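Encoded as structure tokens, the structure appears first; notes follow it.
The values are calculated or read from the model by the stated rules, or taken from the named source; none is laboratory data. It should be emphasised that the depicted structure is a prediction, and the values quoted were computed from it without experimental measurement. Virtual Cβ from ideal backbone geometry, glycine too; neighbours counted across all protein chains shown. We work out accessible area using only protein heavy atoms, side chains counted, and drop any ligands, DNA or RNA first. Shrake-Rupley method; radii C 1.70, N 1.55, O 1.52, S 1.80 Å.
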Amino acid sequence: TALFSIITEHTERSYKELWTDMQKTDVREDGRVWDMYSSTSDFRVGDDQCGNYTKEGVCYNREHSMPKSWFNDAYPMYSDVFHLYPTDGYVNGRRSNFPFGETDGETYTSNGGTSKVGSCTFSGYSGTVFEPADEYKGDFARTYFYMATCYENQIASWSCDMLAGNKYPAYANWALQMLLRWAEEDPVSEKETDRNNAVYKLQGNRNPYIDFPGLEQYVWGDKKDVAF
């Protein structure tokens with residue numbers, strides 16, 4: 001709640017602005033789009049925006065890593081750059097609005113096994129989930145910790161099997177335990193730090209779970225009774 005009071009007020013972006021925003025937040029050193037859903041995409045910034053697609057590697061779009069249907073397409077969540085990423089259009093389509101999870105990928109597996117869709121194998125949930133690559137699981141976990149914090153006053157009304165229907169802990173126990181593990185196993189990277197700084201210039205707020213690695217343990221984990 002203390003963090004909520006610090007980060008919730010921010011400059012709201014328009015959905016159209018996100019195309020330009022992503023040119024500042026999600027470009028690799030080689031100048032290509034940094035896609036966390038596909039290992040084979042080589043998208044040119046701006047030029048390869050979706051568009052129509054029939055397979056992986058055709059174009060990129062603006063992915064709500066927390067699907068917009070969960071919060072009924074409401075703003076400012078709809079255009080909050082912290083949870084919007086450029087991703088392969090086809091893989092994004094296969095993700096649909098499924099929760100994040102862990103799966104054997106029996107329904108769909110992207111090129112190189114980067115992203116998978118199938119029944120959840122993480123204890124506590126057996127529905128269909130989307131599993132991102134191991135190297136980005138911490139990124140998405142910290143994104144979800146940000147969303148629960150920045151929108152603490154709204155998240156209780158959102159709808160998804162990952163959510164608990166309350167402001168705290170906000171996430172269902174299975175999802176929370178998974179996200180905590182993802183954050184621990186995939187610690188904050190230079191990519192995340194650079195992106196945090198770039199989004200701050202656009203929105204005027206930050207993701208504290210990137211600024212203070214391990215902070216989520218004080219909010220949801222084994223350090224809840226320890227002063228931060």
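So here's what we get for this one:
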item	result
Spans of helices (runs of 4 or more DSSP H) in region 130-228 with at least 2 residues among the polar types (S, T, N, Q) and out of contact with any Cys (no Cβ under 6 Å at 6 or more places or on another chain)	134-150, 173-185, 190-203
Spans of strands (runs of 3 or more DSSP E) in region 1-120 with at least 1 residues among the hydroxyl-bearing types (Ser, Thr, Tyr) and closer than 29 Å to Ala156 by Cβ	84-88, 116-119
Enumeration of residues in region 63-83 that are of a type in the set (Ser, Thr, Tyr), open to solvent by less than 40 Å² (accessible area, probe 1.4 Å) and out of contact with any Lys or Arg (no Cβ under 8 Å at 6 or more places or on another chain)	Ser65
Test for Tyr200: is it open to solvent by 10 Å² or more (accessible area, probe 1.4 Å) and either modelled with pLDDT under 95 or not small (Gly, Ala, Ser) (or both)	yes
Top-ranked residue of region 175-214 - restricted to ones that are without any contact (Cβ under 8 Å) to a residue 60 or more places away in the chain and touching a Pro at 6+ places or on another chain (Cβ under 8 Å), ranked as nearest to Glu131 (Cα to Cα)	Leu176
Test: residue in region 55-66 that is among the small types (Gly, Ala, Ser) and either at negative phi or out of contact with any Asp or Glu (no Cβ under 9 Å at 6 or more places or on another chain) (or both)	yes
Members of region 84-117 found to be crowded, with 21+ Cβ neighbours inside 10 Å and under 14 Å from the mean Cα position of the chain (by Cα), listed by number	Leu84, Tyr85, Pro86, Thr87, Asn92, Arg95, Phe98, Pro99, Phe100, Gly101, Ser115
Region 162-197, subset over 17 Å from the mean Cα position of the chain (by Cα) and open to solvent by 60 Å² or more (accessible area, probe 1.4 Å), residue farthest from Pro76 (Cα to Cα)	Asn173
Candidates Tyr125, Tyr60, filtered to the one that is open to solvent by 20 Å² or more (accessible area, probe 1.4 Å) and of a type outside the set (D, E, K, R)	Tyr125
